[in-house]
Amino acid sequence: MKPLLLDLQPQDYPLGGYRRTQLLEWVYTWGVSDFDSMSNLPKAMREELDQSYTLEPFINTELVSSRDGSVKHLFTLRDGQKMEAVYMPYEDRKTICISTMVGCPAGCKFCATGRLGFGRNLTPGEIVGQILAVARVQKIPPKDIRNLVFMGMGEPLLNYEHSFNAARLMLSPETLDMSNRRVTLSTVGLAKGIRKMALEEVNVKLAISLHAPDEETRRSLIPTAAANNIEEIIEAAHAYQEVTGRRITFEYSMLKNINDHLWQADLLAKRLEGLISHVNLIPMNPWEGSGFEESTEVQLQAFYDRLESLGIAVSVRRSRGRDAGAACGQLALKQPA
Ligand code: SF4
């Protein structure tokens with residue numbers, strides 16, 4: 001298998017000087033996926049590049065469109081493994097939710113990806129390549145996608161080096177030049193990784209999937225949570241905030257009669273004392289065989305009101321792409337119907 005050019009950082013590109021700039025422009029500004037189309041490079045150079053590298057991390061893409069305009073892209077990687085990215089066009093911005101792994105080892109009980117188990121880590125080029133491939137399918141320039149969340153398949157902090165190398169590729173002025181204020185990494189709460197992330201020069205935003213403020217409930221939902229208790233996660237969040245000054249988002253999937261009790265809202269508010277935070281309540285996105293139900297509207301509102309009355313910044317995030325199996329927790333490699 002030829003090496004993937006997208007795995008390289010700009011400074012490691014095989015060409016020098018203005019040729020390197022031209023090559024980077026073809027890849028990241030124009031989103032070209034074959035060397036032969038790079039008309040301002042000499043033919044011999046294009047042929048040499050083609051013999052040494054590939055620009056295409058995927059051999060196939062299938063699409064599932066949602067009524068709300070979101071599109072799930074089901075990619076087949078060069079080794080035949082599959083993973084997904086979700087494109088969400090809003091009126092004022094275009095957002096993409098990308099994956100960092102095939103499957104996921106975290107095994108969150110309410111998440112269809114967790115049920116798949118772990119396949120493998122994605123390389124930096126396979127991660128950033130999702131943006132380029134989505135842009136190509138959607139017929140937009142890659143740089144039109146300005147918002148990005150690491151919230152698809154996988155736990156990015158368990159694929160730390162590749163996830164951060166991919167973030168470097170997104171943020172570099174020589175590539176996609178994304179703003180670090182518009183890139184969010186979501187973790188299931190790995191305290192060590194959060195502390196390490198605080199020291200990265202690639203200063204992306206942090207979202208922590210807490211889902212429960214008490215150990216017992218959290219461990220019943222996230223089997224791997226035993227390795228990182230809530231206290232450790234909150235301490236790591238404080239450490240991250242001290243260094244970065246960044247507000248932290250806490251994701252909270254609302255599960256009927258599991259984590260939507262008012263005493264849990266009280267405990268959550270207590271846990272977040274002293275942190276600049278924002279809580280996203282996410283009505284659980286149903287999937288076949290999950291065994292969970294979404295909280296009722298009444299319970300969701302009561303939980304929201306309680307948090308708000310306790311001074312917590314809170315919002316309800318209704319996931320996009322539900323009918324296409326593209327919403328949070330639904331990514332399960334389902335083929336188009
Ligand atoms: S919620 Fe995230 S961390 Fe948990 S299993 Fe799903 S993809 Fe993995």
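Do the conditions hold for Thr76, that is, is it within 23 Å of the chain's Cα centre (by Cα), within 28 Å of Gly321 (Cβ to Cβ) and within 16 Å of the ligand (Cβ to nearest atom)? Judged against the criteria, Thr76 is not a match.
In this structure, is Pro223 of a type outside the set (Val, Ile, Thr) and surrounded by fewer than 16 Cβ atoms within 10 Å (Cβ to Cβ)? Yes. When the range 1-44 is examined, which residues are found to be within 20 Å of Val128 (Cα to Cα) and aromatic (Phe, Trp, Tyr)? Correct list: Tyr13, Trp26, Tyr28, Trp30, Phe35.
Here Val128 does not fit the description of being under 18 Å from Ile96 (Cα atoms) and out of contact with any helix residue (DSSP H, G or I) (no Cβ under 9 Å at 6 or more places or on another chain).
Here is a check on your reading of the model: is Glu231 outside any loop (DSSP other than H, G, I, E, B), touching a residue at least 40 places away in the same chain (Cβ under 8 Å) and of a type in the set (D, E, K, R)? Steps first, please.
Details: outside any loop (DSSP other than H, G, I, E, B): yes; touching a residue at least 40 places away in the same chain (Cβ under 8 Å): no; of a type in the set (D, E, K, R): yes.
For Glu231, the condition - outside any loop (DSSP other than H, G, I, E, B), touching a residue at least 40 places away in the same chain (Cβ under 8 Å) and of a type in the set (D, E, K, R) - is not met.
Counting only residues that are part of a helix (DSSP H, G or I) and out of contact with any strand residue (DSSP E or B) (no Cβ under 6 Å at 6 or more places or on another chain), which one in the range 139-160 is most open to solvent (accessible area, probe 1.4 Å)?
In the first step, residues of the range 139-160 are kept if they are part of a helix (DSSP H, G or I); the result is 142-144, 156-160.
With the extra rule that they be out of contact with any strand residue (DSSP E or B) (no Cβ under 6 Å at 6 or more places or on another chain), the set shrinks to 142-143, 158, 160.
Working: Pro142: 4, Lys143: 70, Leu158: 95, Tyr160: 20 Å².
Residue satisfying both the conditions and the ranking: Leu158.
I'd like to verify a number: residues in the range 196-220 that are within 16 Å of the ligand (Cβ to nearest atom) and open to solvent by 30 Å² or more (accessible area, probe 1.4 Å), how many?
Keep residues of the range 196-220 that are within 16 Å of the ligand (Cβ to nearest atom), which gives 197, 206-212, 217-220.
Now narrow it down to the ones that are open to solvent by 30 Å² or more (accessible area, probe 1.4 Å): 219-220.
Qualifying residue count for the region: 2.
Which residue pairs have Cβ atoms under 8 Å apart, sit 6 or more places apart or on different chains, and have a first residue in the range 181-192 that is touching a residue at least 60 places away in the same chain (Cβ under 8 Å) and a second that is among the β-branched types (Val, Ile, Thr) and more than 16 Å from the ligand (Cβ to nearest atom)? Qualifying pairs under 8 Å: Thr184/Val204. Would it be correct to say that Glu174 is within 28 Å of Phe118 (Cα to Cα), assigned by TED's automatic domain parsing to the domain that holds Leu157 and either in a loop (DSSP other than H, G, I, E, B) or open to solvent by 10 Å² or more (accessible area, probe 1.4 Å) (or both)? Against the criterion (within 28 Å of Phe118 (Cα to Cα), assigned by TED's automatic domain parsing to the domain that holds Leu157 and either in a loop (DSSP other than H, G, I, E, B) or open to solvent by 10 Å² or more (accessible area, probe 1.4 Å) (or both)), Glu174 does not qualify.
Among the numbered criteria (1) within 12 Å of the ligand (Cβ to nearest atom); (2) in contact with a Phe, Trp or Tyr (Cβ under 9 Å, 6 or more places away or on another chain), which single criterion is violated by Gly114? (2) is the only condition that Gly114 fails.
For the range 276-311, residues that are part of a loop (DSSP other than H, G, I, E, B) and open to solvent by less than 20 Å² (accessible area, probe 1.4 Å) total 4.
Counting only residues that are in contact with a Phe, Trp or Tyr (Cβ under 7 Å, 6 or more places away or on another chain) and under 17 Å from Ile145 (Cβ atoms), how many does the range 70-83 have? Steps first, answer last, please.
Looking only at the range 70-83, we keep the residues that are in contact with a Phe, Trp or Tyr (Cβ under 7 Å, 6 or more places away or on another chain), and these are 70-71, 73, 75-77, 82-83.
Narrowing the set further to residues that are under 17 Å from Ile145 (Cβ atoms) leaves 70-71, 73, 75.
Residues that pass the stated criteria total 4.
The residue that is farthest from Ser172 (Cα to Cα), among those in the range 13-46 that are part of a helix (DSSP H, G or I) and in contact (Cβ under 8 Å) with a residue 24 or more places away in the chain, is Met45. Restricting the first member to the range 307-327 and to residues that are closer than 12 Å to Leu281 by Cα, and the second to residues that are open to solvent by 80 Å² or more (accessible area, probe 1.4 Å), the beta-carbon pairs closer than 6 Å and six or more apart or on different chains are Val314/Glu308. For the range 76-112, a residue qualifies if it is open to solvent by less than 30 Å² (accessible area, probe 1.4 Å), over 30 Å from Ala227 (Cβ atoms) and either assigned to a loop (DSSP other than H, G, I, E, B) or not aliphatic (A, V, I, L, M) (or both), and the qualifying residues are Thr76, Tyr87, Thr95.
Only residues that are open to solvent by 30 Å² or more (accessible area, probe 1.4 Å) and under 19 Å from Thr100 (Cα atoms) were counted across the range 1-27, and they come to 3.
Got at least one residue in the range 53-71 being within 16 Å of the ligand (Cβ to nearest atom), open to solvent by less than 40 Å² (accessible area, probe 1.4 Å) and within 17 Å of Gly129 (Cβ to Cβ)? No.
Residue check: Asn121 meets all listed conditions (1) more than 15 Å from the ligand (Cβ to nearest atom); (2) of a type in the set (S, T, N, Q); (3) open to solvent by 50 Å² or more (accessible area, probe 1.4 Å) but one, namely (1).
The values are calculated or read from the model by the stated rules, or taken from the named source; none is laboratory data. This is a predicted model, so every value here is computed, not measured. When we count neighbours, we look across all protein chains shown, and the Cβ atoms used for this are built from the backbone with ideal geometry, even at glycine. For the accessible areas, the whole protein counts, side chains as well, though only heavy atoms, and no ligand, DNA or RNA atoms are used. Shrake-Rupley method; radii C 1.70, N 1.55, O 1.52, S 1.80 Å.
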